There are 2 protein chains.
Amino acid sequence: MEWGRSATHKGVQERDFTVTCNERTVPGVLWTPEHTGMPTSLVLMGHGGSGHKRESHLVSLARRFVRHNGIAAASIDGPAHGDRKPEGADAEPLAERRRRFLGEGVTDSMVEDWKATLDALHQLPELGPGRVGYWGLSMGTMFGLPLVAAEPRIDAAVLGLMGTAFVNGNRLRKDAADVTCPVLFLQQWDDELVDRESVGDLFGALATNDKVLHANPGLHSAVPPKEFQFTQAFLASHLAPTIDRS
Amino acid sequence: MEWGRSATHKGVQERDFTVTCNERTVPGVLWTPEHTGMPTSLVLMGHGGSGHKRESHLVSLARRFVRHNGIAAASIDGPAHGDRKPEGADAEPLAERRRRFLGEGVTDSMVEDWKATLDALHQLPELGPGRVGYWGLSMGTMFGLPLVAAEPRIDAAVLGLMGTAFVNGNRLRKDAADVTCPVLFLQQWDDELVDRESVGDLFGALATNDKVLHANPGLHSAVPPKEFQFTQAFLASHLAPTIDRS
């Protein structure tokens, strides 16, 4: 694990890092309390399609986890996203770009990258092997649901904006049968990218019985602020039930 | 309005009443704070099929509204339910019993009964013309959604466990176009009485854009306790945003 730029903002320390996994360099960011006396829980956050590890709503969410709940947060760039975007990728034909993050094996690599990241983070004294949550919508569920299915260290997850009719839908339906932790699943009722029925299929396929689907009106990326707040409260209640500094 | 039995339990005064509406006698219960210095908001609660105005989860909810949120609650018996059940009704053929509460005009009568009840309650000095919420699932939505559609005094509603494929589904779909207040709509994912798709139809038909669907695993009557608690918080946030005594 190597450290890059570091900054502190209103009690939140924000540090760039890289982790190496099967010769891939995985760039990430870690948000932790500036002052902390004990190891904290951790939320892994997966960004959406065409986004990156520091997209604004993830940064806001990470800071709220640290400040209000005393929970650390980490985010990594997805395949061919953020600092992992190849030079000249924007000029490539769409089919080529899609292959980079939707092709065969990409999900498995991303799951490996997350596991390597979690291994490294749990070595840090300020974290330790504490409770872990996952938060990721849309592409953050496309890669995150397989992670949650494969990773017993994850105690609770926020997923959504994804269904079985999407690119790797069959993989998702299959992996859903291995998701056994509590899940909050978000749906946008008027989602222009993910059809309503296939969201229900995926939610229904989750093996856990401790799951709830929240559907709000609006297009794919119009998740209401109060629903974002609820995702935070949901994870906090599972990761740090006794801490609420809000 | 006539008063019947009254009792006080841990700070909650519970009073039976009857209201007369178009020559029908409507039996109800009102829960209010034992000591209050100012008029309070009010939640109207509609019970489920084969239930009655004092079924246990309504009593619990009413007491929590009064104790934790300083909000009064009222409940009335539905058509041919509770104290409105005709003598010997249990011995009647099923078709006859159904006609009593599902027949032509029954919804309109129940909406009138609720309006007459609200008129009477708002005359009470301890209530006054304050904010009003509606809470009713299953049959409580069958009659309650038309009430919410017809009653501009209702500021927010908890509905659910009902769809457009049920008995008066067409009426519900039509009335949904007149529901303009914030709505929390509950669905049971494995509901054996109300099919999944028709719940989505009804939720989608609600005219308000301030609505959210919460779907939990389980059969029709297995709404999880934490979801019940959320319905309370939802109505409290709309009816008494500054009061939380929990």
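The values are calculated or read from the model by the stated rules, or taken from the named source; none is laboratory data. In this text the structure is predicted, and so the values were computed from the model without any measurement. Backbone-built Cβ (ideal geometry, glycine too); neighbour counts: all protein chains shown. We work out accessible area using only protein heavy atoms, side chains counted, and drop any ligands, DNA or RNA first. Shrake-Rupley method; radii C 1.70, N 1.55, O 1.52, S 1.80 Å.
Sticking with the crude label model, points 7 Å out along Cα→Cβ, report the distance from A:Asp178 to A:His35 in nm, one decimal please.
Roughly 4.4 nm, to one decimal.
Could you work out what % of the accessible surface of the range B:80-220 is carbon and sulfur, using a 1.4 angstrom probe and leaving DNA, RNA and ligands out of the count?
49 percent
So which residues in the range B:198-227 end up with at least 30 square angstrom less accessible surface once the other protein chains are there, compared with the chain by itself, probe 1.4 angstrom?
The answer is B:Phe203, B:Lys211, B:Val212, B:Leu213, B:His214, B:Ala215, B:Pro217, B:Lys226 - residues whose exposure falls by at least 30 Å² when every protein chain is included.
To the nearest 10 Å², what's B:His9's accessible area with a 1.4 Å probe?
80 Å²
A:Glu92: net charge of surrounding residues, Cβ under 11 Å, Lys/Arg +1, Asp/Glu -1, itself excluded?
Result for the local shell: +2.
Mind checking how much accessible area A and B bury in total, 1.4 Å probe, in Å² rounded to 100?
The contact between B and A buries close to 1300 Å².
Once you keep just the Cα pairs under 8 angstrom separated by 6 or more residues, what percentage relative contact order results for chain A?
17 percent
Short version: ³J(HN,Hα) in whole Hz for each residue of the range B:10-23, in order, from phi by Karplus 6.51 cos²θ - 1.76 cosθ + 1.60 (θ = phi - 60°), x for Gly and Pro, what are they?
6, x, 10, 8, 10, 10, 6, 8, 10, 10, 9, 9, 6, 6
Given the Cα-Cα distance of B:His57 and B:Arg99 and 0.36 nm per residue of separation, how much length would full extension add, in nm?
Net length gain for the segment: 12.5 nm.
Using only protein heavy atoms and a 1.4 Å probe, report how much of A:Trp3 is accessible, in Å² to the nearest 10.
For A:Trp3, the solvent-accessible surface is approximately 110 Å².
Hey, got the average number of other protein chain Cβ atoms within 10 angstrom for residues in A:85-91?
What the average comes to for A:85-91 is 0.
Which of these, A:Asp201, A:Asp90, A:Asp119, has the largest mean-square fluctuation under a Gaussian network model of chain A (Cα springs below 10 Å)?
In this elastic network of chain A, the residue with the biggest mean-square fluctuation among A:Asp201, A:Asp90, A:Asp119 is A:Asp90.
Taking the rotation that carries B onto A, look along its axis and tell me which residue of B has the beta carbon nearest to it, distance in whole angstrom.
B:His214, 3
Take the alpha carbon atoms of the range A:152-210, find their center, do the same for the range A:1-57, and report the distance between the two centers in whole angstrom.
Cα centres, the range A:152-210 to the range A:1-57: 25 Å.
Can you list, shortest first and in nm, the gaps between the label point of B:Leu219 and those of its counterparts in the other copies, using a point 7 Å from Cα in the C-beta direction?
Label-point distances to the other copies, shortest first: 4.4 nm.
Give the Kirkwood hydrodynamic radius (Å, one decimal) of the range A:2-239, defined as one over the mean of 1/r across all pairs of different Cα atoms.
For the range A:2-239, the Kirkwood estimate is 17.8 Å.
Could you state the accessible area per residue of the range A:2-239 in Å², with a 1.4 Å probe and every protein chain left in place?
Ligands and nucleic acids excluded, the result is 41 Å² per residue.
Quick check: convex hull over the Cα atoms of the range B:197-240, volume per residue in Å³, rounded to an integer?
Taking the convex hull of the Cα positions in the range B:197-240, it is 85 Å³ per residue.
By its C-alpha gyration tensor, with a ≥ b ≥ c as the square roots of the eigenvalues, how is the protein assembly as shown shaped: rounded for a/c under 1.5, else prolate for a/b larger than b/c, else oblate?
In terms of gyration-tensor shape, prolate.
When each copy gets a label point 7 Å from Cα toward the beta-carbon at B:Ser237, what are the spacings between them in nm, shortest first?
1.2
Once the label point is placed 7 Å from Cα along Cβ, list for B:Glu104 the distances to the corresponding points in the other copies, in nm, shortest first.
6.6
Testing the spin-label approximation: label points 7 Å from Cα along Cα→Cβ at A:Ala89 and A:Arg153. State their distance in nm.
2.5 nm
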